[in-house]
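Visitor: Could you have a look at this structure, given as structure tokens, before my questions?
The values are calculated or read from the model by the stated rules, or taken from the named source; none is laboratory data. The structure presented is a predicted model; accordingly, all values stated were derived computationally and were not measured. As a convention, Cβ positions derive from the backbone with ideal geometry for all residues, glycine included, and neighbour counts pool all protein chains shown. Each accessible area value is taken on the protein alone, full model and side chains, heavy atoms only, with ligands, DNA and RNA left out. Shrake-Rupley method; radii C 1.70, N 1.55, O 1.52, S 1.80 Å.
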Amino acid sequence: MSLKKSIMVVVVVSLFILASAGIFKTYISKNSVQTIDDVKAFHKDTLNNPTAGQSNKVILTEFGDYKCPYCGDFEKDIKPKLKKDYIDTNKVEFRYVNVLLHDKESMRGTRAALTVHRIAPKAYWDFHDYLYAQQPHSKKAVSKQTWLTDDLIKKGVNQLNISPEQKQAIIQAYQAKTDASLTQAKADHHLFKKYQVKQVPALYVNGKRVEDITDYQSVKQAIDAALREDNNSK
């Protein structure tokens, strides 16, 4: 075999190996953690997370980060429809798990939200919505710029319909060197790793991941299927 042909064979084989690796990587990414194996354990692990709606049968679990622009899109475009159709009607229970992908700012927002949840739980979702509403318009700015500051958090806490004593307690607690919010924030992020969620936002319906959470019809179909399954099991 000539040198030229040998080089061509090596190049072709190398490209094939790289392409196969790429396909395999894509396959793993698309098919990883489609379903949580131990759903009972999963739901037990998220039992004390912030919740909305009431249902013992169909539980929706979102993994999100206040510094994630795509989580912001979910909260703005999909969540209001979920709230109207399923959460407010108590057809499902919705749970939120914090993920810490953007270091100090993710931790700051998470600790503040979890402190609100502990001290003034009825005000939690108002504060949760407030943090997402403060995201800059540019997706790059959401993740790259510093915007989730103590001043922004203080402003949000002061807007809540709670007592002055609660506001003061929240602001002091979430900035403490260590408190319950820090423990919970770390525990939440551990669940992200434990269940190999891989990316945010991620939405699970009774332990089954919704593949396209940018499309409300896909989310709706997943929830309706779980509701039918529950009805058929009665």
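Visitor: Quick one: if the Förster radius is 30 Å, what FRET efficiency do LYS186 and ASP126 give, using the C-beta to C-beta distance and rounding to 0.05?
Guide: Computed FRET efficiency for LYS186 and ASP126 comes out at 0.75.
Visitor: Still on this structure, please answer the following. For ALA202, enumerate residues with amide H under 5 Å from its amide H, sequence gap 5+ or separate chain, H modeled in the peptide plane.
Guide: PHE63
Visitor: Now, a different point. Which ³J(HN,Hα) values, rounded to whole Hz and listed in residue order, are derived for the range 131-147 from phi using the Karplus coefficients 6.51, -1.76 and 1.60 in 6.51 cos²θ - 1.76 cosθ + 1.60 with θ = phi - 60°, glycine and proline given as x?
Guide: Values per residue, Gly and Pro as x: 4, 5, 5, 7, 4, x, 5, 7, 4, 5, 5, 4, 8, 9, 8, 8, 9 Hz.
Visitor: Output the antiparallel fraction of DSSP beta bridges having both residues in the range 31-121, as a percent to the nearest 5.
Guide: Around 25 percent antiparallel, to the nearest 5.
Visitor: Let me ask something else about it. Quick one: net charge of VAL99's neighbours, Cβ under 11 Å, K/R +1, D/E -1?
Guide: 0
Visitor: Is the range 72-123 best put as rounded, prolate or oblate by its Cα gyration tensor, with a ≥ b ≥ c the root eigenvalues, rounded for a/c under 1.5, and otherwise prolate when a/b is larger than b/c, oblate when not?
Guide: It is oblate, given that a/c is not under 1.5 and a/b is not larger than b/c.
Visitor: Along the range 116-125, what does the Karplus equation 6.51 cos²θ - 1.76 cosθ + 1.60 (θ = phi - 60°) give for ³J(HN,Hα), rounded to whole Hz, x for Gly and Pro?
Guide: 4, 4, 7, 8, 9, x, 5, 9, 4, 5
Visitor: What shape does the range 62-178 take by its C-alpha gyration tensor, where a ≥ b ≥ c are the square roots of the eigenvalues and a/c under 1.5 counts as rounded, a/b above b/c as prolate, and the rest as oblate?
Guide: oblate
Visitor: Quick check for you: with a 1.4 Å probe and neighbouring chains kept, what is the accessible area per residue of the range 69-228, in Å²?
Guide: Here the per-residue accessible area is 52 Å².
Visitor: When the convex hull of the Cα atoms of the chain is projected onto a plane and the area is averaged over all directions, what value comes out in nm²?
Guide: Over every viewing direction, the Cα hull of the chain projects on average to 17.7 nm².
Visitor: Separate question: Checking the a/c ratio against 1.5 first, then a/b against b/c, what shape does the Cα gyration tensor give for the range 34-112?
Guide: Oblate.
Visitor: Between the helical axis of 150-159 and the dominant principal axis of the chain, each derived from Cα atoms, what acute angle in degrees is found, rounded to the nearest 10?
Guide: Compared with the principal axis, the helix lies near 50 degrees.
Visitor: If you fit an axis through the alpha-carbon atoms of helix 164-174 and take the longest principal axis of the Cα set of the chain, what angle between them do you get, 0 to 90°, nearest 10?
Guide: Between the helix axis and the principal axis of the chain, the angle is about 30 degrees.
Visitor: So how much slack lies between LYS44 and LYS144, counting 0.36 nm per residue of separation and subtracting their Cα-Cα distance, in nm?
Guide: 32.6 nm
Visitor: May I pose another question? Specify the residue with the greatest mean-square fluctuation among ALA113, ALA202, ALA133, computed from a Gaussian network of the chain linking alpha-carbon atoms under 10 Å apart.
Guide: It is ALA133.
Visitor: Among SER218, SER143, SER106, which one shows the biggest mean-square fluctuation in a GNM of the chain, springs joining Cα atoms closer than 10 Å?
Guide: SER218
Visitor: Please list, in chain and number order, the residues 5+ apart from LYS208 or on another chain whose amide H is under 5 Å from its amide H, with Hs placed from the backbone.
Guide: For LYS208, whose amide H was placed from the backbone, the distant partners under 5 Å are ILE36.
Visitor: Could you tell me what percent of the DSSP beta bridges with both partners in the chain are antiparallel, to the nearest 5? Can you show the working numbers first?
Guide: Numbers: 9 of 15 bridges.
So the antiparallel bridges in the chain amount to around 60 percent.
Visitor: Suppose each label sits 7 Å from its Cα in the direction of the beta carbon; what would the LYS81-GLN34 distance come out to in nanometres?
Guide: 2.3
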